[in-house]
Amino acid sequence: MDRIRIVGGAKLNGTIPISGAKNAALPLMIASLLTDRTVTLENLPRLADVSLLVRILSNQGADYSIDGRRQGEGREAGQTVHMTAREIVDTTAPYELVSRMRASFWVIAPLLARCGEARVSLPGGCAIGTRPVDLLLMALEKLGGQIEIEGGYAVAKAPKGLRGAEITFPKVTVGGTHVALMAAALAQGTTVLHNAAREPEVIDLAELLNKMGAKITGAGQSTVEITGVARLNGAKHRVLPDRIEAGTYAMAVAMTGGDVLLEGAQAHDFQAALDVLVQSGAHVESTNEGVRVSRNGGPILPVDVETAPFPAFPTDLQAQFMALMTRANGVSRITETIFENRFMHVQELARFGARIKLDGDSAVVEGVPVLKGAPVMATDLRASASLVIAALAAEGETMIQRVYHLDRGFEALERKLSLCGAEVERISAGG
Ligand code: EPU
(Lines give C-alpha, C1' and ligand atoms only; values in the text may rest on other atoms or scores of the structure.)
Protein backbone atom coordinates (compact mmCIF):
# COMPACT_ATOMS: atom_id res chain seq x y z
CA MET A 1 0.00 0.00 0.00
CA ASP A 2 1.25 3.48 -0.88
CA ARG A 3 2.15 5.99 1.81
CA ILE A 4 2.48 9.76 1.72
CA ARG A 5 5.40 11.47 3.42
CA ILE A 6 5.06 15.11 4.35
CA VAL A 7 7.61 17.37 5.97
CA GLY A 8 5.71 20.28 7.45
CA GLY A 9 6.54 23.93 7.74
CA ALA A 10 6.43 25.29 4.18
CA LYS A 11 3.90 27.96 3.27
CA LEU A 12 1.75 27.25 0.23
CA ASN A 13 2.13 29.69 -2.64
CA GLY A 14 0.98 29.35 -6.23
CA THR A 15 -1.94 27.90 -8.18
CA ILE A 16 -3.89 24.71 -7.57
CA PRO A 17 -6.15 23.62 -10.42
CA ILE A 18 -9.43 22.29 -9.03
CA SER A 19 -10.64 19.03 -10.57
CA GLY A 20 -14.16 18.02 -11.50
CA ALA A 21 -16.27 17.11 -8.48
CA LYS A 22 -16.30 13.46 -7.50
CA ASN A 23 -19.75 13.77 -5.95
CA ALA A 24 -21.14 15.25 -9.16
CA ALA A 25 -19.27 12.88 -11.47
CA LEU A 26 -20.71 9.76 -9.83
CA PRO A 27 -24.45 10.57 -10.24
CA LEU A 28 -23.80 12.02 -13.72
CA MET A 29 -22.17 8.77 -14.80
CA ILE A 30 -25.01 6.75 -13.29
CA ALA A 31 -27.54 8.88 -15.16
CA SER A 32 -26.02 7.60 -18.43
CA LEU A 33 -27.87 4.32 -17.76
CA LEU A 34 -31.18 6.15 -18.35
CA THR A 35 -30.68 6.34 -22.11
CA ASP A 36 -29.49 4.14 -24.99
CA ARG A 37 -27.69 7.18 -26.46
CA THR A 38 -24.24 8.50 -25.65
CA VAL A 39 -23.68 10.73 -22.64
CA THR A 40 -20.40 12.61 -22.83
CA LEU A 41 -18.95 13.93 -19.60
CA GLU A 42 -16.11 16.42 -19.69
CA ASN A 43 -13.83 17.34 -16.80
CA LEU A 44 -14.21 13.97 -15.13
CA PRO A 45 -11.63 13.65 -12.35
CA ARG A 46 -9.04 10.84 -12.40
CA LEU A 47 -10.06 9.13 -9.20
CA ALA A 48 -10.31 5.58 -7.93
CA ASP A 49 -14.08 5.98 -7.36
CA VAL A 50 -14.62 7.09 -10.96
CA SER A 51 -12.69 4.08 -12.33
CA LEU A 52 -14.60 1.72 -10.06
CA LEU A 53 -17.94 3.16 -11.18
CA VAL A 54 -16.92 2.73 -14.82
CA ARG A 55 -16.42 -0.98 -14.02
CA ILE A 56 -19.79 -1.22 -12.31
CA LEU A 57 -21.64 0.50 -15.15
CA SER A 58 -19.91 -1.63 -17.77
CA ASN A 59 -21.16 -4.65 -15.89
CA GLN A 60 -24.66 -3.27 -16.47
CA GLY A 61 -23.94 -3.01 -20.19
CA ALA A 62 -22.53 0.49 -20.64
CA ASP A 63 -19.71 0.95 -23.16
CA TYR A 64 -17.29 3.70 -22.44
CA SER A 65 -14.39 5.39 -24.13
CA ILE A 66 -11.99 8.00 -22.87
CA ASP A 67 -10.57 10.75 -25.09
CA GLY A 68 -6.81 11.05 -25.18
CA ARG A 69 -5.03 14.27 -24.25
CA ARG A 70 -5.55 17.14 -26.66
CA GLN A 71 -3.06 19.70 -28.01
CA GLY A 72 -2.20 22.26 -25.35
CA GLU A 73 -4.01 20.35 -22.60
CA GLY A 74 -2.10 20.15 -19.33
CA ARG A 75 -1.73 17.05 -17.19
CA GLU A 76 -4.32 18.47 -14.80
CA ALA A 77 -7.10 18.69 -17.39
CA GLY A 78 -10.07 16.47 -16.61
CA GLN A 79 -10.93 13.51 -18.80
CA THR A 80 -13.68 13.37 -21.39
CA VAL A 81 -15.59 10.11 -21.16
CA HIS A 82 -18.32 8.87 -23.48
CA MET A 83 -20.78 6.44 -21.90
CA THR A 84 -23.33 4.51 -23.94
CA ALA A 85 -25.72 2.03 -22.35
CA ARG A 86 -27.26 0.91 -25.64
CA GLU A 87 -28.69 -2.14 -23.94
CA ILE A 88 -28.89 -2.97 -20.25
CA VAL A 89 -27.65 -6.55 -20.09
CA ASP A 90 -27.79 -7.01 -16.33
CA THR A 91 -30.14 -5.32 -13.86
CA THR A 92 -28.21 -6.71 -10.88
CA ALA A 93 -25.52 -4.70 -9.13
CA PRO A 94 -23.66 -7.25 -7.01
CA TYR A 95 -22.42 -7.01 -3.43
CA GLU A 96 -18.75 -7.28 -4.45
CA LEU A 97 -19.02 -3.98 -6.34
CA VAL A 98 -21.65 -1.98 -4.39
CA SER A 99 -19.93 -2.72 -1.07
CA ARG A 100 -16.82 -0.95 -2.39
CA MET A 101 -18.60 2.30 -3.17
CA ARG A 102 -21.88 3.37 -1.59
CA ALA A 103 -22.92 5.74 -4.37
CA SER A 104 -23.13 2.80 -6.79
CA PHE A 105 -26.38 1.85 -5.00
CA TRP A 106 -27.93 4.77 -6.91
CA VAL A 107 -27.93 2.63 -10.10
CA ILE A 108 -31.18 1.25 -8.70
CA ALA A 109 -32.99 4.35 -10.02
CA PRO A 110 -32.06 4.24 -13.73
CA LEU A 111 -32.30 0.44 -13.84
CA LEU A 112 -35.81 0.45 -12.35
CA ALA A 113 -36.99 3.41 -14.43
CA ARG A 114 -35.65 2.08 -17.72
CA CYS A 115 -35.98 -1.69 -17.34
CA GLY A 116 -38.80 -2.00 -14.80
CA GLU A 117 -36.57 -4.05 -12.50
CA ALA A 118 -33.39 -3.79 -10.49
CA ARG A 119 -31.58 -5.97 -8.01
CA VAL A 120 -28.98 -3.98 -6.14
CA SER A 121 -26.96 -5.03 -3.12
CA LEU A 122 -27.55 -2.96 0.01
CA PRO A 123 -24.39 -0.96 0.58
CA GLY A 124 -23.95 -1.52 4.32
CA GLY A 125 -22.35 0.83 6.86
CA CYS A 126 -19.06 2.64 6.54
CA ALA A 127 -16.49 4.41 8.65
CA ILE A 128 -18.56 7.59 9.03
CA GLY A 129 -21.85 6.03 10.15
CA THR A 130 -24.63 3.56 9.41
CA ARG A 131 -25.81 5.40 6.28
CA PRO A 132 -29.17 3.74 5.62
CA VAL A 133 -30.95 3.84 2.23
CA ASP A 134 -34.53 3.80 3.59
CA LEU A 135 -35.32 7.25 2.13
CA LEU A 136 -34.03 6.27 -1.30
CA LEU A 137 -36.29 3.21 -1.26
CA MET A 138 -39.19 5.31 0.09
CA ALA A 139 -38.84 7.67 -2.90
CA LEU A 140 -38.86 4.76 -5.36
CA GLU A 141 -41.89 3.21 -3.64
CA LYS A 142 -43.78 6.51 -3.89
CA LEU A 143 -43.06 6.41 -7.61
CA GLY A 144 -44.71 3.00 -7.80
CA GLY A 145 -41.71 0.72 -7.36
CA GLN A 146 -42.39 -2.50 -5.42
CA ILE A 147 -39.39 -3.20 -3.27
CA GLU A 148 -38.43 -6.26 -1.24
CA ILE A 149 -35.22 -6.91 0.63
CA GLU A 150 -34.00 -10.39 -0.28
CA GLY A 151 -30.66 -11.87 0.68
CA GLY A 152 -29.07 -8.49 1.28
CA TYR A 153 -30.36 -7.08 -2.00
CA ALA A 154 -33.01 -4.45 -2.69
CA VAL A 155 -35.16 -6.08 -5.35
CA ALA A 156 -37.27 -3.45 -7.09
CA LYS A 157 -39.97 -3.99 -9.69
CA ALA A 158 -42.20 -1.69 -11.70
CA PRO A 159 -43.55 -3.85 -14.50
CA LYS A 160 -45.84 -1.11 -15.77
CA GLY A 161 -43.29 1.65 -15.31
CA LEU A 162 -43.03 4.33 -12.64
CA ARG A 163 -45.58 7.10 -12.17
CA GLY A 164 -45.20 10.62 -10.81
CA ALA A 165 -45.88 11.30 -7.12
CA GLU A 166 -45.47 13.77 -4.29
CA ILE A 167 -42.36 12.83 -2.30
CA THR A 168 -41.57 14.51 1.00
CA PHE A 169 -38.17 13.75 2.46
CA PRO A 170 -38.28 13.81 6.28
CA LYS A 171 -34.55 14.53 6.23
CA VAL A 172 -32.46 16.18 3.53
CA THR A 173 -30.64 13.49 1.56
CA VAL A 174 -28.35 14.06 -1.39
CA GLY A 175 -28.52 10.45 -2.57
CA GLY A 176 -32.29 10.35 -2.07
CA THR A 177 -32.67 13.46 -4.21
CA HIS A 178 -30.40 12.07 -6.96
CA VAL A 179 -32.35 8.81 -7.03
CA ALA A 180 -35.73 10.58 -7.11
CA LEU A 181 -34.60 12.90 -9.93
CA MET A 182 -33.37 10.04 -12.10
CA ALA A 183 -36.39 7.81 -11.51
CA ALA A 184 -38.98 10.58 -11.89
CA ALA A 185 -37.37 11.76 -15.14
CA LEU A 186 -38.72 8.60 -16.84
CA ALA A 187 -41.94 8.23 -14.78
CA GLN A 188 -45.38 8.90 -16.22
CA GLY A 189 -46.74 12.23 -15.01
CA THR A 190 -45.46 14.81 -12.62
CA THR A 191 -43.40 14.36 -9.47
CA VAL A 192 -42.87 16.98 -6.80
CA LEU A 193 -40.00 16.62 -4.33
CA HIS A 194 -40.35 18.42 -1.01
CA ASN A 195 -37.36 19.07 1.25
CA ALA A 196 -35.01 18.08 -1.57
CA ALA A 197 -31.25 18.47 -1.16
CA ARG A 198 -29.99 21.77 -2.61
CA GLU A 199 -26.34 20.81 -3.08
CA PRO A 200 -24.57 22.04 -6.26
CA GLU A 201 -24.15 18.38 -7.28
CA VAL A 202 -27.96 18.02 -7.37
CA ILE A 203 -28.17 21.03 -9.68
CA ASP A 204 -25.45 19.51 -11.88
CA LEU A 205 -27.38 16.25 -12.19
CA ALA A 206 -30.63 18.09 -13.00
CA GLU A 207 -28.78 20.12 -15.66
CA LEU A 208 -27.51 16.97 -17.35
CA LEU A 209 -30.95 15.34 -17.17
CA ASN A 210 -32.55 18.43 -18.72
CA LYS A 211 -29.97 18.37 -21.52
CA MET A 212 -31.01 14.73 -22.06
CA GLY A 213 -34.60 15.91 -22.48
CA ALA A 214 -35.95 15.67 -18.92
CA LYS A 215 -38.29 18.36 -17.61
CA ILE A 216 -37.00 19.40 -14.21
CA THR A 217 -37.57 22.78 -12.61
CA GLY A 218 -36.45 24.06 -9.23
CA ALA A 219 -33.25 22.02 -8.76
CA GLY A 220 -31.19 23.78 -6.11
CA GLN A 221 -34.34 24.68 -4.18
CA SER A 222 -36.21 22.63 -1.61
CA THR A 223 -39.14 21.98 -3.93
CA VAL A 224 -38.35 20.39 -7.27
CA GLU A 225 -40.83 19.50 -9.99
CA ILE A 226 -40.18 16.80 -12.56
CA THR A 227 -42.47 16.04 -15.47
CA GLY A 228 -41.65 12.58 -16.72
CA VAL A 229 -40.83 11.88 -20.37
CA ALA A 230 -41.03 8.58 -22.29
CA ARG A 231 -37.36 8.49 -23.23
CA LEU A 232 -34.17 10.43 -22.74
CA ASN A 233 -31.48 11.31 -25.28
CA GLY A 234 -27.73 11.59 -25.16
CA ALA A 235 -26.08 14.84 -24.06
CA LYS A 236 -22.75 16.47 -23.35
CA HIS A 237 -22.02 17.97 -19.96
CA ARG A 238 -19.05 19.40 -18.08
CA VAL A 239 -18.69 18.21 -14.47
CA LEU A 240 -18.74 21.12 -12.03
CA PRO A 241 -15.57 21.96 -10.06
CA ASP A 242 -15.06 20.09 -6.80
CA ARG A 243 -16.08 22.40 -3.96
CA ILE A 244 -14.80 19.95 -1.35
CA GLU A 245 -11.39 19.67 -2.98
CA ALA A 246 -11.28 23.48 -3.24
CA GLY A 247 -12.39 23.86 0.39
CA THR A 248 -9.74 21.39 1.51
CA TYR A 249 -6.92 23.33 -0.16
CA ALA A 250 -8.39 26.59 1.13
CA MET A 251 -8.06 25.21 4.64
CA ALA A 252 -4.55 23.97 3.93
CA VAL A 253 -3.52 27.52 2.95
CA ALA A 254 -5.23 28.99 6.01
CA MET A 255 -3.24 26.47 8.05
CA THR A 256 0.24 26.96 6.57
CA GLY A 257 -0.05 30.59 5.53
CA GLY A 258 0.78 31.73 2.00
CA ASP A 259 -1.27 32.70 -1.01
CA VAL A 260 -2.92 30.26 -3.42
CA LEU A 261 -5.28 30.60 -6.36
CA LEU A 262 -7.77 27.72 -6.41
CA GLU A 263 -8.13 27.74 -10.15
CA GLY A 264 -11.63 27.09 -11.44
CA ALA A 265 -13.25 26.99 -7.98
CA GLN A 266 -16.64 28.70 -7.65
CA ALA A 267 -17.00 30.59 -4.37
CA HIS A 268 -20.79 30.28 -4.29
CA ASP A 269 -20.46 26.49 -4.14
CA PHE A 270 -18.68 26.65 -0.78
CA GLN A 271 -19.42 30.12 0.53
CA ALA A 272 -20.24 28.92 4.06
CA ALA A 273 -16.78 27.38 4.37
CA LEU A 274 -15.11 30.47 2.91
CA ASP A 275 -17.01 32.69 5.39
CA VAL A 276 -15.72 30.57 8.26
CA LEU A 277 -12.17 30.80 6.90
CA VAL A 278 -12.44 34.58 6.83
CA GLN A 279 -13.60 34.53 10.46
CA SER A 280 -10.54 32.39 11.26
CA GLY A 281 -8.25 35.10 9.90
CA ALA A 282 -7.73 34.07 6.27
CA HIS A 283 -8.24 36.40 3.35
CA VAL A 284 -10.54 35.20 0.57
CA GLU A 285 -11.12 36.76 -2.81
CA SER A 286 -13.32 35.50 -5.60
CA THR A 287 -11.82 36.25 -9.04
CA ASN A 288 -12.63 35.39 -12.66
CA GLU A 289 -10.07 32.61 -12.49
CA GLY A 290 -11.23 31.04 -9.25
CA VAL A 291 -10.90 31.70 -5.54
CA ARG A 292 -7.76 33.16 -3.98
CA VAL A 293 -7.04 32.30 -0.37
CA SER A 294 -4.22 33.73 1.70
CA ARG A 295 -3.11 34.16 5.26
CA ASN A 296 -0.06 36.18 6.01
CA GLY A 297 1.28 36.65 9.48
CA GLY A 298 -1.82 36.85 11.65
CA PRO A 299 -2.93 34.10 14.05
CA ILE A 300 -5.55 31.43 13.31
CA LEU A 301 -8.66 32.47 15.22
CA PRO A 302 -11.05 29.91 16.75
CA VAL A 303 -14.48 29.61 15.09
CA ASP A 304 -17.41 27.42 16.15
CA VAL A 305 -18.91 25.47 13.28
CA GLU A 306 -21.92 23.22 12.80
CA THR A 307 -22.32 21.06 9.72
CA ALA A 308 -25.68 21.00 7.92
CA PRO A 309 -27.02 20.45 4.41
CA PHE A 310 -26.16 22.99 1.69
CA PRO A 311 -25.91 25.99 1.78
CA ALA A 312 -24.57 25.56 5.34
CA PHE A 313 -21.10 24.31 6.27
CA PRO A 314 -20.57 20.88 4.60
CA THR A 315 -19.88 17.72 6.58
CA ASP A 316 -17.30 16.84 3.92
CA LEU A 317 -15.12 19.73 5.17
CA GLN A 318 -15.61 19.12 8.89
CA ALA A 319 -12.45 17.04 9.42
CA GLN A 320 -10.30 19.46 7.43
CA PHE A 321 -11.61 22.42 9.42
CA MET A 322 -10.91 20.58 12.64
CA ALA A 323 -7.30 20.19 11.55
CA LEU A 324 -7.10 23.95 11.07
CA MET A 325 -8.62 24.61 14.49
CA THR A 326 -5.98 22.45 16.21
CA ARG A 327 -3.60 25.39 15.66
CA ALA A 328 -6.07 28.15 16.54
CA ASN A 329 -5.46 30.77 19.12
CA GLY A 330 -8.18 29.48 21.49
CA VAL A 331 -11.00 26.96 21.82
CA SER A 332 -13.49 26.06 19.09
CA ARG A 333 -16.48 23.74 19.03
CA ILE A 334 -17.23 21.69 15.92
CA THR A 335 -20.63 20.03 15.74
CA GLU A 336 -21.45 17.27 13.25
CA THR A 337 -25.16 17.00 12.51
CA ILE A 338 -25.16 14.87 9.32
CA PHE A 339 -23.30 11.68 10.22
CA GLU A 340 -23.28 10.19 13.71
CA ASN A 341 -19.74 8.87 13.66
CA ARG A 342 -17.69 11.24 11.61
CA PHE A 343 -14.95 11.84 14.16
CA MET A 344 -12.50 9.09 13.25
CA HIS A 345 -9.86 11.75 12.57
CA VAL A 346 -9.89 12.94 16.19
CA GLN A 347 -7.65 10.19 17.50
CA GLU A 348 -5.27 10.52 14.56
CA LEU A 349 -5.05 14.32 14.96
CA ALA A 350 -4.16 13.69 18.61
CA ARG A 351 -1.03 11.94 17.36
CA PHE A 352 0.24 15.33 16.15
CA GLY A 353 -0.28 16.72 19.65
CA ALA A 354 -3.73 18.21 18.96
CA ARG A 355 -6.02 18.63 21.97
CA ILE A 356 -9.55 17.53 21.09
CA LYS A 357 -12.31 16.27 23.37
CA LEU A 358 -15.46 14.63 22.08
CA ASP A 359 -18.74 15.74 23.63
CA GLY A 360 -21.68 13.94 22.00
CA ASP A 361 -22.03 15.19 18.45
CA SER A 362 -19.40 17.90 19.05
CA ALA A 363 -15.65 18.10 19.24
CA VAL A 364 -14.10 20.73 21.44
CA VAL A 365 -10.74 21.74 20.02
CA GLU A 366 -8.21 23.57 22.13
CA GLY A 367 -5.67 25.12 19.80
CA VAL A 368 -2.00 24.39 20.45
CA PRO A 369 0.96 26.47 19.27
CA VAL A 370 2.83 23.57 17.68
CA LEU A 371 1.92 20.28 16.01
CA LYS A 372 4.56 17.60 15.61
CA GLY A 373 4.79 15.16 12.71
CA ALA A 374 3.84 11.54 13.42
CA PRO A 375 2.98 8.28 11.71
CA VAL A 376 -0.79 8.37 11.16
CA MET A 377 -3.43 6.31 9.43
CA ALA A 378 -6.10 7.47 6.99
CA THR A 379 -9.54 6.14 7.97
CA ASP A 380 -11.87 7.64 5.38
CA LEU A 381 -11.60 10.03 2.52
CA ARG A 382 -12.16 13.41 4.20
CA ALA A 383 -10.49 12.35 7.46
CA SER A 384 -7.36 11.60 5.44
CA ALA A 385 -7.40 15.13 4.07
CA SER A 386 -7.42 16.48 7.62
CA LEU A 387 -4.23 14.54 8.34
CA VAL A 388 -2.58 16.07 5.28
CA ILE A 389 -3.51 19.56 6.52
CA ALA A 390 -2.14 18.89 10.00
CA ALA A 391 1.04 17.39 8.53
CA LEU A 392 1.66 20.43 6.32
CA ALA A 393 1.86 22.62 9.42
CA ALA A 394 3.52 20.14 11.76
CA GLU A 395 7.18 20.24 12.72
CA GLY A 396 9.10 17.36 11.17
CA GLU A 397 7.96 14.34 9.23
CA THR A 398 4.56 12.70 8.95
CA MET A 399 3.96 9.39 7.25
CA ILE A 400 0.34 8.78 6.24
CA GLN A 401 -0.66 5.14 5.80
CA ARG A 402 -3.65 3.81 3.81
CA VAL A 403 -3.47 6.48 1.18
CA TYR A 404 -6.01 4.64 -0.98
CA HIS A 405 -8.67 6.56 0.97
CA LEU A 406 -7.25 9.84 -0.38
CA ASP A 407 -7.03 8.46 -3.91
CA ARG A 408 -10.79 7.96 -3.89
CA GLY A 409 -11.42 11.68 -3.88
CA PHE A 410 -8.32 13.84 -4.33
CA GLU A 411 -6.75 13.87 -7.76
CA ALA A 412 -2.96 14.27 -7.83
CA LEU A 413 -2.89 15.61 -4.28
CA GLU A 414 0.85 15.34 -3.79
CA ARG A 415 1.58 16.97 -7.17
CA LYS A 416 -0.82 19.85 -6.55
CA LEU A 417 0.65 20.55 -3.11
CA SER A 418 4.29 20.19 -4.18
CA LEU A 419 3.77 22.71 -6.97
CA CYS A 420 2.86 25.21 -4.24
CA GLY A 421 6.02 24.55 -2.25
CA ALA A 422 4.96 21.78 0.13
CA GLU A 423 7.35 18.91 0.82
CA VAL A 424 5.08 16.00 -0.06
CA GLU A 425 5.93 12.71 -1.71
CA ARG A 426 4.19 9.44 -2.38
CA ILE A 427 6.14 6.36 -1.45
CA SER A 428 4.70 3.60 -3.55
CA ALA A 429 4.22 0.14 -2.20
CA GLY A 430 6.98 -1.22 -4.38
CA GLY A 431 9.54 1.44 -3.49
N1 EPU B 1 -30.03 9.17 5.39
C2 EPU B 1 -31.01 8.37 5.91
N3 EPU B 1 -31.67 7.54 5.05
C4 EPU B 1 -31.40 7.50 3.73
C5 EPU B 1 -30.42 8.36 3.19
C6 EPU B 1 -29.74 9.18 4.06
O7 EPU B 1 -31.26 8.36 7.10
O8 EPU B 1 -32.06 6.74 3.02
C9 EPU B 1 -29.29 10.06 6.30
C10 EPU B 1 -27.80 9.73 6.33
O11 EPU B 1 -27.52 8.68 7.22
C12 EPU B 1 -27.21 11.04 6.77
C13 EPU B 1 -28.11 12.08 6.08
O14 EPU B 1 -29.33 11.37 5.79
O15 EPU B 1 -27.35 11.18 8.15
C16 EPU B 1 -27.58 12.67 4.82
O17 EPU B 1 -27.12 11.66 3.95
P18 EPU B 1 -27.12 11.84 2.37
O19 EPU B 1 -28.09 10.89 1.78
O20 EPU B 1 -27.28 13.28 2.05
O21 EPU B 1 -25.64 11.38 2.00
P22 EPU B 1 -25.19 10.57 0.70
O23 EPU B 1 -26.00 10.95 -0.47
O24 EPU B 1 -25.04 9.13 1.04
C25 EPU B 1 -23.50 12.36 -0.15
C26 EPU B 1 -22.03 12.43 -0.43
C27 EPU B 1 -21.27 12.38 0.87
C28 EPU B 1 -21.70 13.56 1.73
C29 EPU B 1 -23.21 13.52 1.93
C30 EPU B 1 -23.74 14.71 2.70
C31 EPU B 1 -21.75 11.41 -2.60
C32 EPU B 1 -21.22 10.28 -3.40
N33 EPU B 1 -21.63 11.32 -1.28
O34 EPU B 1 -23.71 11.13 0.50
O35 EPU B 1 -19.90 12.53 0.54
O36 EPU B 1 -21.05 13.53 2.96
O37 EPU B 1 -23.87 13.48 0.66
O38 EPU B 1 -23.44 15.89 2.04
O39 EPU B 1 -22.26 12.37 -3.14
C40 EPU B 1 -17.60 12.10 0.67
O41 EPU B 1 -17.49 12.56 -0.46
O42 EPU B 1 -16.60 11.89 1.41
C43 EPU B 1 -18.91 11.82 1.21
C44 EPU B 1 -19.13 11.03 2.24
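The values are calculated or read from the model by the stated rules, or taken from the named source; none is laboratory data. As the structure is a prediction and not an experimental result, all values here were calculated from the model. Because the Cβ atoms are built from the backbone with ideal geometry, glycine has one as well, and the counts that use them run over all protein chains shown.
Descriptive notes on the structure:
- Taken together, the residues in segment 281-322 that are assigned to a helix (DSSP H, G or I), within 17 Å of Asp242 (Cβ to Cβ) and not β-branched (Val, Ile, Thr) amount to 6.
- If you filter segment 161-216 down to residues that are within 13 Å of the ligand (Cβ to nearest atom) and polar (S, T, N, Q), you find that the one that is surrounded by the most Cβ atoms within 10 Å (Cβ to Cβ) is Thr177.
- In this structure, Leu135 does satisfy being at pLDDT 95 or above and within 22 Å of Lys22 (Cβ to Cβ).
- Annotation: Val278 fulfils all but one of (1) in a helix (DSSP H, G or I); (2) out of contact with any strand residue (DSSP E or B) (no Cβ under 7 Å at 6 or more places or on another chain); the unmet one is (2).
- The lone exception for Asp2 - which of (1) surrounded by 16 or more Cβ atoms within 10 Å (Cβ to Cβ); (2) at pLDDT 95 or above it fails: (2)
- Residue match in segment 396-409 (condition: over 14 Å from Met255 (Cβ atoms), β-branched (Val, Ile, Thr) and buried (at least 16 other Cβ atoms within 10 Å of the Cβ)): yes
- Looking only at residues in segment 109-154 that are part of a strand (DSSP E or B) and of a type in the set (Val, Ile, Thr), the one that is farthest from Ser384 (Cα to Cα) is Ile147.
- Single residue of Ala385, Ala363, Ala328 found to be within 16 Å of the ligand (Cβ to nearest atom) and either surrounded by 19 or more Cβ atoms within 10 Å (Cβ to Cβ) or in a loop (DSSP other than H, G, I, E, B) (or both): Ala385
- Subset of segment 194-232 [free of Cβ contacts under 8 Å to residues at least 40 places away in the same chain and in contact with an Asp or Glu (Cβ under 8 Å, 6 or more places away or on another chain)]: His194, Ile216, Thr217, Gly218, Ala219
- For segment 102-113, the criterion of being within 13 Å of the ligand (Cβ to nearest atom), among the basic types (Lys, Arg) and either within 17 Å of the chain's Cα centre (by Cα) or surrounded by fewer than 24 Cβ atoms within 10 Å (Cβ to Cβ) (or both) is satisfied by at least one residue.
- Members of segment 323-347 found to be closer than 14 Å to Ile128 by Cβ and not β-branched (Val, Ile, Thr), listed by number: Glu336, Phe339, Glu340, Asn341, Arg342, Phe343, Met344, His345
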